[in-house]
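Notes follow the structure.
The values are calculated or read from the model by the stated rules, or taken from the named source; none is laboratory data. None of the values given here were measured: they were computed from a predicted structure. Note: ideal-geometry Cβ built from the backbone for every residue, glycine included; neighbour counts use all protein chains shown. Surface accessibility is based on the protein's heavy atoms, side chains included, excluding ligands, DNA and RNA. Shrake-Rupley method; radii C 1.70, N 1.55, O 1.52, S 1.80 Å.
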Amino acid sequence: MESNERLSAPLVLEYPFRRTTGPVIGAFLTGLREKIVLGIKRQDGTVLVPPTEYDPETSETLTEMVEVAQQGEVITWTWVQEPRPQSPWDSPHALAMIKLEGADTPLFHAVLAEGPEVLEVGMKVRIKWREVTEGHIKDIEGFVPFEESNG
Amino acid sequence: MCGEKVKQMRKVAVVAAASRQEEKMLDTEVEMMIPLITEVRTRTGLDQTDIGFTCSGSSDFLAGQAFSFVMTLDAVGPVPPIAESHVEMDGAWALYETWVKFQMGVIDTALVYSYGKPSPGSLQDVLSTQLDPYYVAPLWPDAHSVAALQARLLLEQGIITPDELADCALRTGTVESREDYFLQPLLADPLREADCPTYADGGVALILASEEKADELCERPAWITGIDHRIDAHHFGVRDLTAAPSARLAAKNAGAHDGPIDSTELHAAYTTHDLLLRKEMGLDIPKIPQRSYPIQADTLMASGLLRIAEAARSIWDGSANRTLAHATAGPLLQQNLVCVLDGGGD
């Protein structure tokens, strides 16, 4: 063996535990299976999407889940020209933070657009669901741009 | 811990440091750490049996093995038995734990080290696993894309400008000229390659000592006059990404504003982070440049502790009297630690 050659051996990392998703994240994921999006109300009336069991600032327990719209606006975005092997998407796409109507915090997901020139902050997008949903963040295939009709 | 209170606390100084970073290291973690740990012990004349406490920082996710730090203890020599601890965090947090141990009054000397060797695997995969496990990690975004989302918010809201990014890239040495910066293609729109870190393998070892011991071990000890660490929400959707409140608070509590700072060592792996941290912590562009920049060589788990080592080196060589070191962990500056060091001169 050459002295500068690195020894290598296969290593498969496993996580042999099952986790329960609990009353809030579990409800959100079940909502996705039913093709609806749930948020959770904070004490000040604002709505967290995706929801958490506690208020990230005050640590108060949160319980009141509310449905929000399936459309909203892009808060910020970047373009992925070459998706990574594990990525759910195999063609170029945008990654974005999307604030759904009725929500006060943005959700992280993909925007399925032709190219980066289509993207802009404030653009309207709506959910494109996968045909078969199973209660997973990937039930959302991505967000697609749409024009709001004025009529 | 507020600055005023720290002054009433036990004085602790950084008295020796050794570090090494390379893009790809063929040595194992133990082989990498032995010369560094030997160097700081030799420089201070301390034997492992003289050292009251040993604390390290590293990541099992990089090593691909549970309790991987136990093996690296072979670089220290754990026999006869030593008092030892570990954090699954950057070594800057191991230093914080050690500083608390000093305050408990039970030790006079300590060895703190940390290391990361990402080159054998995919660091981008490891960084994905630190994101929210239900909402974000299953989508496997790479770190540069996540940084780009924050960068666009900062640019759109006018908190930073493209010219400032170019100046920062020039200052941190990732481009030769401003023109070169703007000629670079976008790596993760709106970030260019010059805005993003180059990753490296590496490690760093430090010796800390109490006021009873420090002057014996070092000509000009770098006294820790303030240290604090704070955290923001994990899920980055609920945070205002154009701010870093935990960095602001940690700097205030560490007494950063109690006197002039001669040089700063920021754990900023992106130009956007350098600019945002300076705004949040009220720091000017320093007259004395950083000794090394994480954007040029970022070592997960060691970059933060390395900043403290570099801030101490500026005091030891007399180029600065009061320095600030910063460490960060988690996605998009989620957790921040600030350590202010003082040479005790005028």
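Under a 1.4 Å probe, what is the accessible area of the protein assembly as shown per residue, stated in Å²?
Computed with neighbouring chains in place, this is 44 Å² per residue.
I need the calculated FRET efficiency for the pair A:Glu14 and B:Glu212, taking r as the beta carbon distance and R₀ as 45 Å, to the nearest 0.05.
Once rounded, the FRET efficiency stands at 0.40.
If one takes the longest principal axis of the Cα atoms in chain B, at what angle in degrees, from 0 to 90 and to the nearest 10, does the Cα axis of helix B:303-316 lie?
So the inclination is approximately 60 degrees.
Place a label point 7 angstrom from the Cα of B:Glu156 along the Cα-to-Cβ direction, then list the residues of the stretch B:241-271 whose backbone nitrogen is under 15 Å away.
B:241-243
Once phi is turned into θ = phi - 60°, what whole-Hz ³J(HN,Hα) does the Karplus curve with 6.51, -1.76 and 1.60 give for every residue of the stretch B:250-258, x standing for Gly and Pro?
Whole-Hz 3J(HN,Hα) from phi for the stretch B:250-258: 4, 5, 4, 5, 7, x, 4, 9, 7.
May I ask for the distance between the Cα centers of the stretch B:278-346 and the stretch A:30-90, given as a whole number of Å?
With the stretch B:278-346 and the stretch A:30-90 each reduced to a Cα centre, they are spaced 35 Å.
Under 5 Å between amide hydrogens, which residues at least 5 positions from B:Ala16 or on another chain qualify, with H placed 1.01 Å from N in the peptide plane?
When sequence neighbours closer than 5 places are left aside, the close amide H contacts are B:Ile207.
Express in Å², to the nearest 10, the accessible area of B:Trp99 obtained by rolling a 1.4 Å probe over the protein heavy atoms while all chains stay in place.
Approximately 10 Å² for this residue.
Go through the stretch A:40-70 and flag every residue whose accessible area shrinks by 40 Å² or more with all protein chains in place compared to the isolated chain (probe 1.4 Å).
Listed in order, they are A:Pro50, A:Pro56.
Multiplying the sequence separation of B:Asp60 and B:Glu176 by 0.36 nm and subtracting their Cα-Cα distance, what value in nm do you get?
Here the answer is 38.1 nm.
Of the candidates B:Ser319, B:Ser119, B:Ser292, which one comes out as most mobile in a Gaussian network treatment of chain B with C-alpha springs shorter than 10 Å?
Among B:Ser319, B:Ser119, B:Ser292, the largest GNM mean-square fluctuation belongs to B:Ser319.
Aspartates and glutamates within cross-link reach of B:Lys101: Cα-Cα under 18 Å, excluding same-chain residues under 8 positions apart?
Leaving aside aspartates and glutamates fewer than 8 places away in the same chain, those within reach of B:Lys101 are B:Asp50, B:Glu84, B:Glu88, B:Asp90, B:Glu211, B:Glu212, B:Asp228.
Would you please state which residues of the stretch A:43-61 a label at B:Ala243 would reach in this model, taking the label point 7 Å out along Cα→Cβ and a backbone N cut-off of under 14 Å?
A:57-58
Given R₀ = 30 Å, FRET efficiency for B:Gln103-A:Thr58 by Cβ-Cβ distance, to 0.05?
Values: r = 30 Å, r/R0 = 0.99.
The computed FRET efficiency comes out at 0.50.
Over chain B, what is the relative contact order in percent, taking alpha-carbon pairs closer than 8 angstrom and at least six residues apart?
About 26 percent, as a whole number.
Distance in nm between label sites at A:Glu82 and B:Thr129, each 7 Å beyond Cα in the beta-carbon direction?
Label at A:Glu82, label at B:Thr129, 2.4 nm between them.
In Å², rounded to the nearest 100, what is the total accessible surface buried by chains A and B against each other with a 1.4 Å probe?
Summing both sides, the interface buries roughly 3000 Å².
Could you order A:Arg84, B:Arg278 by accessible surface area, starting with the largest, using a probe radius of 1.4 Å?
Numbers: A:Arg84 40, B:Arg278 10 Å².
Ranked list, largest accessible area first: A:Arg84, B:Arg278.
With springs only between Cα atoms under 10 Å apart, run a GNM on chain A and tell me which of A:Glu73, A:Glu82, A:Glu57 wobbles the most.
Looking only at A:Glu73, A:Glu82, A:Glu57, the biggest GNM fluctuation is shown by A:Glu57.
Let me know the shape class of chain A, please: from the alpha-carbon gyration tensor, a ≥ b ≥ c as square roots of the eigenvalues, rounded when a/c is under 1.5, otherwise prolate if a/b is greater than b/c, or oblate.
oblate
Extension gain B:Asp74-B:Ala137, at 0.36 nm per residue separation less the Cα-Cα distance, in nm?
Length gained between B:Asp74 and B:Ala137: 19.3 nm.
Determine, from the Cβ-Cβ distance of A:Glu5 and A:Thr46 and an R0 of 51 Å, the FRET efficiency 1/(1 + (r/R0)^6), rounded to the nearest 0.05.
For R0 = 51 Å, the calculated efficiency reads 0.35.
What do you get for GluC sites (Glu not before Pro) in the stretch B:14-47 restricted to DSSP loop and a cutoff of at most 13 other Cβ within 10 Å of the site's Cβ?
Passing sites in the stretch B:14-47 are B:Glu23.
Once neighbouring chains are kept in place and the probe is 1.4 Å, which whole percent of the accessible area of the protein assembly as shown is contributed by carbon and sulfur?
Roughly 50 percent of what the probe reaches on the protein assembly as shown is carbon or sulfur.
Quick one: go through the stretch A:59-93 and flag any residue whose amide nitrogen is under 11 Å from the point 7 Å out along the Cα-to-Cβ line of A:His136.
Flagged as within label range: A:88.
Label the stretch B:7-123 by shape, choosing from rounded, prolate and oblate, from the square roots a ≥ b ≥ c of the eigenvalues of the Cα gyration tensor; if a/c is under 1.5 it is rounded, and otherwise prolate applies when a/b is larger than b/c, oblate when it is not.
It is prolate, given that a/c is not under 1.5 and a/b is the larger ratio.
When you look at the Cβ of every residue in B:145-154, what mean number of other chain Cβ atoms sits within 10 Å?
Average per residue, whole number: 5.
Given a 1.4 Å probe and the protein chains all in place, what does the accessible area of B:Tyr96 round to, in Å² to the nearest 10?
40
For a quick check, take a GNM of chain A with Cα springs below 10 Å and name the residue from A:Gln70, A:Gln86, A:Gln43 with the largest mean-square fluctuation.
Between A:Gln70, A:Gln86, A:Gln43, it is A:Gln86 that shows the largest mean-square fluctuation.
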